[in-house]
1. Report the FRET efficiency, 1/(1 + (r/R0)^6), for Arg70 and Ala171, where r is their Cβ-Cβ distance and R0 is 45 Å, rounded to 0.05.
2. Run the numbers for Val123 and Lys59: contour at 0.36 nm per residue of separation, minus the present Cα-Cα distance, in nm.
3. Tell me the Kirkwood hydrodynamic radius of the range 1-122 in angstroms, computed as one over the mean inverse distance between distinct C-alpha pairs.
4. Considering only the other residues whose Cβ falls under 14 Å of the Cβ of Ala63, what net charge follows from Lys and Arg at +1 and Asp and Glu at -1?
5. Rounded to the nearest 500, what is the 222 nm mean residue ellipticity of the chain from helices alone, with -39500 (n - 2.57) per DSSP H run of 4+ residues and division by all residues?
6. Each residue of the range 146-157 in order: what ³J(HN,Hα) in whole Hz does its phi give by Karplus 6.51 cos²θ - 1.76 cosθ + 1.60, θ = phi - 60°, with x for Gly and Pro?
7. Find how many whole Å separate the alpha carbon centroid of the range 6-64 from the alpha carbon centroid of the range 118-159.
8. In nm, what is the difference between 0.36 nm times the number of residues separating Glu159 and Gln8 and their Cα-Cα distance?
Amino acid sequence: MNDSPRIQVHTGDITKLTVDAIVNAANTSLLGGGGVDGAIHRAAGRELEFECRMLNGCKVGDAKITKGYRLPARHIIHTVGPVWQGGGKGEAELLASCYVSSLELAAANDCSTVAFPAISTGVYRYPKDEATEIAVGTVSTFIEDKTLPGVVIFCCFDELTAELYEQTVAALRKG
Ligand code: AR6
């Protein structure tokens, strides 16, 4: 039996990960921006933008897939998180939908390892505690009764965020 955990927490730059797919916290244009989106476009190269131009954007809570180009990852799944507006504008449902849409696309494209950044918690100002609960809860529910993706990595850019994810994952395992 393989007992390596299907949910893992990693600290570092998501553009360096050798996985089947990394997820990008994009905006509705899909044409690049700052934060993790900027880092992914820079590392993947201009060909990524050319493919993104063909996709006609992406709705909040939805996801689209491209090739990984110069990244070690085979694919990039671009999702658009909600901008935090106080919590009364359906932000939680939209954020959960980002994770589900991305995982569905990963499964449909035979991706067995997928890495997520902390969607919406940077420029889009989603409170980190609540966003982490949604990320971990939604992913664990999704993978419970599916074989793909086999491993989901939460890629945190800093140690504090990684600690928060570790605690949330541990609390979930305790039940
Ligand atoms: N690897 C992993 N995580 C990263 C990296 C990286 N290289 N760089 C930043 N993060 P943000 P959002 C973390 O702002 O809030 C863009 O302009 C960062 O510390 O990238 O969904 C888009 O075009 C934070 O925890 O995404 C949109 O307009 C997390 O990634 C908008 O920002 C998300 O921060 C999306 O905002």
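Any read-out appearing in this document is the output of simple, stated calculations on the displayed coordinates, not a laboratory observation. All values derive from a computational prediction rather than experimental measurement. Backbone-built Cβ (ideal geometry, glycine too); neighbour counts: all protein chains shown.
1. The calculated FRET efficiency here is 0.75.
2. Stretched fully, the Val123-Lys59 segment lengthens by 21.3 nm.
3. Taking every pair of different Cα atoms in the range 1-122, averaging 1/r and inverting gives 14.6 Å.
4. Details: positive: Lys59, Lys64; negative: Asp37, Asp62, Glu104.
For residues surrounding Ala63, the net value is -1.
5. Mean residue ellipticity at 222 nm (helix-derived): -12500 deg cm²/dmol.
6. 9, 8, 10, x, x, 10, 10, 10, 8, 9, 9, 7
7. 15 Å
8. That works out to 52.9 nm of additional length.
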